[in-house]
Amino acid sequence: MAEPGHLSSDDTPLALHPLVFLEDGDEVTIGRRDTDSYAIFPPDGAELVRRLQEGATPAQAADWYEAMYGECADVGDVVDALNELGFVRAEGEPEAVAEPVRWQRLGRAAFSPAAWTGYGLIVAWAVISVVRTPDLLPTPGDLVFSHYYAVISVVLLVVAVPLIAIHEIFHALAGRRLGIRSRTRMSYRFYFLVVETSLDGLAGVERRKRYLPILAGMVADVVMISLAVIVAGLAGGLTARVCMAVAFTTFIRVLWQFFLYLRTDIYVLITTVLGCVDLHTTAVRVLANRVNRLLGRTDRLTDESQWHPVDRRAARWYSWLLPIGYLVSLSTFVWGVGPVFLDMISASLDRFGAGHGSTWVQLIDAAVFLVLTFGQIAIALGLAARERLRSRRARLHHVIA
């Protein structure tokens with residue numbers, strides 16, 4: 001801790017909201033469950049906060065710290081940090097009370113032993129069906145289940161919405177069974193539109209209890225793929241073709257989770273297991289330093305001593321996954337989904353060519369398909385541009401301030 005600074009009202013106890021303390025190795029996470037505001041403190045700093053929460057004045061806490069650790073603490077900085085985090089109650093502000101988290105019972109039921117047994121039986125049934133009938137293994141060709149491309153796009157889009165919702169609902173339910181609230185927002189990753197569920201409250205629970213909420217979405221995806229394969233094997237005809245298309249698109253979403261540079265569920269799992277703070281940013285900077293050293297641009301090197309030690313150790317191997325991940329994801333698109341959609345786009349454009357003899361139904365189908373296809377790309381680019389603009393404005397504001 002630093003040398004003591006100027007303390008304001010150092011003889012007045014702080015009024016703190018109810019705080020949770022979670023020890024994890026050499027760090028302690030402190031936070032408010034009602035606002036999902038959390039911060040990581042060193043053990044000595046956490047003990048100082050405990051003293052303040054127990055009613056000690058800043059001056060008394062500083063004296064305690066010096067007697068306990070043999071050095072002075074800048075309690076003023078700690079108090080400022082607690083204020084910024086929203087841990088300190090303003091004058092006249094009532095003590096915060098966390099509202100009950102809804103759907104806890106449903107969350108417990110969704111991940112009960114009976115539920116896991118059901119999920120296992122569904123997956124086993126699907127695996128047996130594929131072994132008996134290899135044609136039930138989803139492939140890119142399954143995407144083209146109709147001669148009308150707009151129908152394909154609309155059906156897959158309509159079906160994707162509830163499937164993505166189920167993925168996110170499983171994340172949320174796995175968290176809510178632990179009493180953690182969730183928030184959902186739309187974002188993008190590389191060239192993909194994604195929906196994200198925020199479970200900030202996981203920072204306040206034991207690390208081993210975080211794994212299921214992180215992986216719950218993939219559990220839902222695997223079960224949905226299995227159900228689609230089972231229905232396809234039982235139904236036949238157009239229903240079977242649609243189910244196989246749905247199974248393949250869901251399989252692609254599972255595959256994307258392993259593109260670690262996208263900060264997917266698997267990325268979150270890795271950082272949670274290792275106890276990282278911001279592995280992605282650190283890995284990007286490690287990779288940039290490698291490139292700059294290779295090019296002899298030593299003036300552009302980032303000081304690695306500023307990074308969290310756990311992030312720095314993991315980034316030495318994780319940074320290599322970033323370029324590999326981009327290559328793999330592009331290859332997946334080029335050799336998987338890409339050729340199918342490029343053929344569909346080419347065929348749609350050809351329908352507008354002179355002498356093609358397209359009917360008005362075919363022309364409308366082609367137009368709707370092209371609008372839907374390029375519209376999704378435009379939305380992703382728009383979100384990316386908006387986030388970049390916000391980032392630039394934030395950096396400019398920081399520089400001006």
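The values are calculated or read from the model by the stated rules, or taken from the named source; none is laboratory data. Worth saying up front: this structure is predicted, and the values here are computed from it rather than measured. Note: accessible area is taken over every heavy atom of the protein model, side chains too, but ligands, DNA and RNA are not part of it. Shrake-Rupley method; radii C 1.70, N 1.55, O 1.52, S 1.80 Å.
Side notes on the structure shown:
- Rounded accessible area of Tyr211 (nearest 10 Å², 1.4 Å probe): 70 Å²
- Couplings 3J(HN,Hα) for the range 227-241, derived from phi with the Karplus relation 6.51 cos²θ - 1.76 cosθ + 1.60 (θ = phi - 60°), are 5, 5, 5, 4, 5, 4, x, 8, 8, x, x, 4, 4, 5, 5 Hz, where x marks Gly and Pro.
- At the residue level, Met218 shows approximately 30 square angstrom of accessible surface with a 1.4 angstrom probe and all protein chains present.
- Between the helical axis of 338-350 and the longest alpha-carbon principal axis of the chain there is an angle of about 50 degrees.
- The phi torsions of the range 302-313, fed into the Karplus equation with coefficients 6.51, -1.76 and 1.60 and a -60° offset, translate into couplings of 8, 5, 6, 5, 7, 7, 4, x, 5, 4, 5, 5 Hz, rounded to whole numbers, with Gly and Pro shown as x.
- Ranking by accessible area, most exposed first, for Val229, Val219, Val158, Val328 with a 1.4 Å probe: Val158, Val328, Val219, Val229
- Per residue Cα convex hull volume in Å³ - calculated over the chain: 213 Å³
- Solvent-accessible heavy-atom area per residue, rounded to whole Å², over the chain at 1.4 Å: 56 Å²
- Only protein heavy atoms count here; on that basis, with a 1.4 Å probe, Cys72 has an accessible area of about 40 Å².
- When Trp307, Trp103 are compared by accessible surface with a 1.4 Å probe, the order from highest to lowest is Trp103, Trp307.
- Whole-percent carbon and sulfur share, accessible surface of the range 5-98, 1.4 Å: 46 percent
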